Amino acid sequence: MNFPPELYRTDFNKSKNGEEHRTQVIRSKELIIRRGQPFTVTLLFRYRAREEKLENLKIIAETGPYPSPQAGTQTQFPVSEVRGNKWWSAEVDTSNDVGNGVSLSIRICSPAAACVGRYSLYLGGTYWGTQQSFFLGTIVLLFNPWCPDDDVFLDNETLRQEYVMNENGFLYQGSKDFIQNVPWNFGQFEDGVGDICLKILDMSPSFLKDPAKDCSKRGDPVYVSRIISAMINSNDDQGVIESSWDEYFRSGTNPSSWNGSVAILRLWLRSNCRPVRYGQCWVLAGVMCTVMRFLGIPTRVITNFESAHDTNYSLSVDEYYDETGKKLEATEGDSVWNFHVWNECWMARRDLRSGYDGWQVLDATPQEISGGTYCCGPAPVKAVKEGDVDVDYDVPFVFAEVNGDIIHWVVRENGLERGQTDTLSIGKHISTKSVGSNTREDITSQYKYAEGSQEERNVFEKALLKMKTTKPYKTSESVVALDFDVSLKLVESPLIGQTILLIYRIFNKTRESKEYSVSVSAQEMQYNGKPLEQFWKEKFDMDVNPNRAMEKSFQLHPVHYQRYVRSGNNIRVTALATDLKTKKIKLAVKNIIFEMPAIDVKVYGKPQLYQPLSIMLNFANPSNDILSNCVMTAEGAGLTPNGPIIVYMDQIFPRRSGYVKIFCVPVKSGKLQLEVNFSSDKIKFVKGSAAIEVPWL
């Protein structure tokens, strides 16, 4: 009787393969590799006699619950030679006798277009004419931006390090006049995060409906990115984050209190894939960046200031005001957000005509339905800039976000009165973190031509024509030159508790004196453009000489605004001027974001791997009030692997500082970053960060 050989040990050579595939930083029990690139598996067989051996070797690779050759989720191939990366192939690298066995090293290469995900590997062969099969184990296959034949190939190592490997970064919030940087811990290589990313794919409606078909499409980054865009929000499925723009966030976490993605992803998994409460646009974009970077798709986070939400695809937004200058909520849902945050992912677009490869807009915030679900993109940035709104996916929506027009309407007793069309305000300071530094990079020119230029207006007209819009005007007809101009100027960025000083200016362009009626008001606004309570207003007349300007200053005292300032909200000041003779109107708007004090982060001692590190956090109270119910939260990839560190403080007195000492244990080498966040009952969610160098072993 011939006893079959025994597979005594399988060694996936995690250290060597991980280094070659740039996955050695991923904390996982499984071998994680990138497609289109060879890896080596070492097998130790035991035979009864030295002359015996397994012949006609072949590898079987399977992914998904119903693998099949027809779907491309099951393949078998001989162990003969590695033949490039268009097909699965394998060859014997080394074969050595070891006692009464053989140590067999097999080199395997996956296709550059292989489906990503978890694979089971088997080795087949014949022994004395009998078929034998051995289960080798499971591996995880990712996209490969280092492989020229992969659709996500990015031909720049510095960019790959930033957009795939970097676990920390900055998001941008505020307004076009007050841009705030917010540190974020992506943590895509932290313990368990990779498994959660794969779980997100397996919880999508597409997978649950037809898992075989879904898995067969996972070689296409366009398909995968749309799935992830839909799954980060929870509007149609068991997605990761439940969005809320409620003022009080009952039964959940205020979106501003999150420091990073890891805690959110772990909470989603622990709660049996129930959506985590709550998130807003920057939270969804931060989490999506984590998932996409883990999967191997180069990704960055983008903030667009003065971002339009066009609900009816007219490429314009209608804004309504009453006669005091108070902004009213639009019945059709159009709005202009102070800022909106989305992602860009780098990939080829083989589904489109040539010219649209590169950065693609993907937005996980549930705003409008795309293809029957709440997702957005991938929309080629090149298509957005050129007004090619007939290109997939969701280019018209993104185009309006960065280059739409605003039409102002005044609601009077006798009906609506149309004001000016603002062609200049939408899409300001489109920002992302710079490569290799913590500075901000302005990429507005990648999305549109210079605002107000002839090229920009030509592109807008081209987009309108392609949309076949029912809009009853052309921009060239709607932009009527007024013979007066108005503006609002903030003297300086205020801190909470300080008096706000503004200057109103009106310029009479005519050759005759003019009399104007001016209504000035202030109200609380959510950052997504939803108007809240008006808390101050004033009305006055101004006589202005020919070709002259007049200014008037006014103040908003803390007693006016302080109880209306909530986390994430801002103050909108409007000035509505009416020419009393011609009845023409013009509006000036200023969004006020309060300047936040910094958190001071100091590291004591020399950071060493696996050694406790003492870090001092300091927040200075800038207000004249006692801050109570104070919370300091710190989180960082490789520094707080078990989750955020939370410290509570009772009170911080006016003009005094609150100090907190924490201890971290670095579990990774290289440049690590700690994200810190402070909140109290009066000052919400101040952010700070510090970079820490941990020497390599």
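Take the Cα of S628, go 7 Å toward its beta carbon, and the backbone nitrogen atoms of segment 637-677 under 18 Å from that spot belong to 648-656, 658.
The modelled label-to-label distance for the pair N414/Y223, using points 7 Å beyond Cα in the direction of Cβ, is 6.2 nm. Think of it as helices only: each DSSP H run of n ≥ 4 in the chain is worth -39500 (n - 2.57), and spread over all residues that comes to -4000 deg cm²/dmol at 222 nm. Accessible surface ranking for R300, R505, 1.4 angstrom probe, highest first: R505, R300.
Straight-line reach from K606: taking Cα to Cα under 19 Å and skipping same-chain neighbours fewer than 8 places apart, the lysines in range are K661, K668, K671.
Residue-wise HN-Hα couplings along segment 168-183, as the Karplus relation 6.51 cos²θ - 1.76 cosθ + 1.60 with θ = phi - 60° gives them from phi, are 10, x, 10, 10, 10, 9, x, 9, 4, 8, 9, 7, 10, 8, 10, x Hz; Gly and Pro carry x. Taking all Cα pairs closer than 8 Å and separated by 6 or more residues, the relative contact order of the chain comes to 9 percent.
Checking the Cα-Cα distances for K448/K590; K382/K468; K466/K584; K199/K382 against a 26 Å cut-off, the pairs over it are K466/K584; K199/K382. Taking label positions 7 Å along the Cα-Cβ direction at both K489 and Y122, the computed distance is 7.7 nm, reported to one decimal.
When the pairs K514/K537; K539/K586; K176/K537; K176/K489 are compared against a 19 Å limit on Cα-Cα distance, K514/K537; K176/K537 fall above it.
For segment 266-397, averaging the sequence separation of C-alpha pairs within contact (under 8 Å, six or more residues apart) and dividing by the residue count gives a relative contact order of 20 percent.
Taking all protein chains together, K16, K668 sort by accessible area into K16, K668, largest first [probe 1.4 Å]. Distance between the modelled labels on D322 and R563, one decimal in nanometres: 2.0 nm (7 Å Cα→Cβ projection).
Within segment 99-138, antiparallel bridges make up roughly 100 percent of the DSSP beta bridges whose residues both belong there. The string of couplings for segment 297-308 from the Karplus curve (6.51, -1.76, 1.60, θ = phi - 60°) is 8, x, 9, 9, 9, 10, 10, 10, 8, 6, 9, 7 Hz, one whole number per residue in order, with x for Gly and Pro. Ranked by the mean number of other Cβ atoms within 10 Å per residue, highest first, peptides 111-118, 149-156 order as 111-118, 149-156.
The values are calculated or read from the model by the stated rules, or taken from the named source; none is laboratory data. Computed from a predicted model, the values in this text were never measured in an experiment. In this analysis, Cβ positions are derived from the backbone assuming ideal geometry, glycine residues included, and neighbour counts consider all displayed protein chains. All accessible areas refer to the heavy atoms of the entire protein, side chains included, with ligands and DNA or RNA removed. Shrake-Rupley method; radii C 1.70, N 1.55, O 1.52, S 1.80 Å.
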